[in-house]
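Encoded as C-alpha cells, the structure appears first; notes follow it.
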Amino acid sequence: MSETIILYPGCLVSYRFPEYEAAAKLLLQYLGYNVTSLPHALCCGSFLESSTPNWINYTAYNLALAAKMQSPLVTLCGGCTNAFKRVQHMLLAEPQLLGLVNARLARLNLKLEPVVPVQHLIQILLTRHKDLQEMVTRFLPFKVAPVYPCQVFRPGNIMNFDHPLRPSSLVQLITLTGATAQNYSQEYQCCGSSLYMVDPEMAFTMGKIKIESMIASGADLALTACGNCHLLLQRLQSRYHHGIPFPVIFLPQLIGLALGWSPSRMGIANPQLRRLLTNVI
C-alpha cells in the first residue's frame, strides 16, 4: 500500500502559483505516494506572527487536522515549514501553552498530539534521490542557480535539515537531472521576499543583487522551491531588473522535465522559460 501524505501548498502558492502545487502533486504521485489535501485548512499563521500572539493557534489548528488524519505534512513554502516546526517545538517545550492551545482546539473536536511529521518538498524528494535518478529519461543541459528557501533550514536546531547557512540539498536534486548547479556569489543569501510586505524597496534591492549575481555567474535560469522566493524573483522581477528577463523555474517542474514530461504538463507558461526550453525539449 502506498504511503499517504498531505500536501499543504500554503496560501501564496494556492492563489498565485497553482502550477507549483500541480507539478509537485504530479511528481509525488509518480513516486508512488497517495497525495491528499488538508480539508478546512487555514493560513499557516506565519503572516500573522508580527501582529498577534494568537498566530500559533492557526498553526496548531492545521497541525491538529493533520494529526487527526494520521499522515505527514509535505509543504511547498519555507514560511509554512518554519511555522509548523517552530510551533511544535514551542508547544513541546511549554506544556502549559500546549494545554491552552488544546483547550481551544477541543471546541472543534481536535487535539494536537502526537507530533505531526512535517517535511518540505526538498526533503521528501531528497529521500527519493536514487529513485528519481533511475527515472530520468532526459538530461538537461542547463546551468541552474539554486535559490534556497532560508526558512526551511534555519534555525538549524529546530529545522534539523541540511546545513543552516550553506545548504547543498538543491545541488543534489539539480544534478540528478543532468543540469549543472551553478555557484554564484549570493547563493546563500536571502532573496529578500520576507521583507516585501514591510519594505518593498529593500526587498527589490536584495532581489536585484541576487538576480545580477546569477547572471554574472553564467547561469541559464534560477530554481526555486518556495512561493515567496518565486514571487520576488520571477513575478516581481520586472520592478527592479530592467534587462532581459531572467527565467525562473520551480523544483518539481525541473525534475518533471528530466523525467521526459512536457513543459505544458508541468504548467510552464512563462515566455522566457519556454524560449529557453525550445531547443532542448
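The values are calculated or read from the model by the stated rules, or taken from the named source; none is laboratory data. All values derive from a computational prediction rather than experimental measurement. Here the Cβ is made from the backbone with ideal geometry for all residues, glycine too, and neighbour counts use every protein chain on show. Keep in mind that these areas ignore ligands, DNA and RNA; they rest on the heavy atoms of the full protein, side chains included. Shrake-Rupley method; radii C 1.70, N 1.55, O 1.52, S 1.80 Å.
Principal axis analysis of the Cα atoms in the chain yields extents of 58, 48, 31 Å, listed in decreasing size. With the whole protein complex present, Thr36 retains an accessible surface near 50 Å², based on a 1.4 Å probe. Remark: segment 253-260, residue by residue, has Karplus-estimated 3J(HN,Hα) of 5, 4, 5, x, 4, 5, 7, x Hz, where x stands for each Gly or Pro and the curve is 6.51 cos²θ - 1.76 cosθ + 1.60 at θ = phi - 60°.
Using the Karplus relation 6.51 cos²θ - 1.76 cosθ + 1.60 with θ = phi - 60°, the per-residue 3J(HN,Hα) values for segment 155-168 come to x, x, 6, 9, 6, 6, 8, 6, 7, x, 10, 9, x, 9 Hz, with x marking Gly and Pro. Remark on segment 66-147: Rg and Dmax equal 18.0, 55 Å (Cα only).
For a 30 Å ceiling on Cα separation, which of these pairs sit above it: Lys25/Lys68; Lys85/Lys143; Lys25/Lys111; Lys130/Lys208?
Lys85/Lys143; Lys130/Lys208
Database remark: amide H of Met266 closer than 5 angstrom to no amide H (H placed geometrically; neighbours at sequence offset of 5 or more, or on other chains; Pro and chain starts carry no H). Using θ = phi - 60° in the Karplus curve 6.51 cos²θ - 1.76 cosθ + 1.60, the 3J(HN,Hα) couplings for segment 266-278 round to 8, x, 7, 10, 4, x, 5, 5, 4, 5, 4, 7, 4 Hz; x is entered for Gly and Pro. Highest GNM mean-square fluctuation among Leu173, Leu125, Leu110, for the chain modelled with Cα contacts below 10 Å: Leu110. Pairs of alpha carbons in segment 129-281 separated by more than 18 Å make up 57% of all such pairs.
Computed on protein heavy atoms with a 1.4 Å probe, the accessible areas place Ser71, Ser262 in the order Ser262, Ser71, largest first. Given a cut-off of under 8 Å on Cα pairs at least six residues apart, what relative contact order in percent is computed for the chain? It rounds to 18 percent for the chain.
Computed across segment 117-201, the Kirkwood radius stands at 14.4 Å (inverse of mean 1/r, all Cα pairs). Sorted largest first, the principal axis extents computed over the alpha-carbon atoms of segment 156-205 equal 37, 28, 17 Å. Amide H to amide H, with H built 1.01 Å from N, His120 comes under 5 Å of Thr75, counting only residues 5 or more places away or on other chains. Cα centroid separation, segment 234-258 to segment 157-201: 15 Å. For segment 103-182, chymotrypsin sites (Phe, Trp or Tyr not before Pro) are listed when DSSP marks them as loop and at most 15 other Cβ atoms sit within 10 Å of their Cβ; the list is Phe139. Percent of Cα pairs in segment 1-156 per distance bin of 10 Å, from zero to the largest separation: 10, 38, 34, 14, 4, 1.
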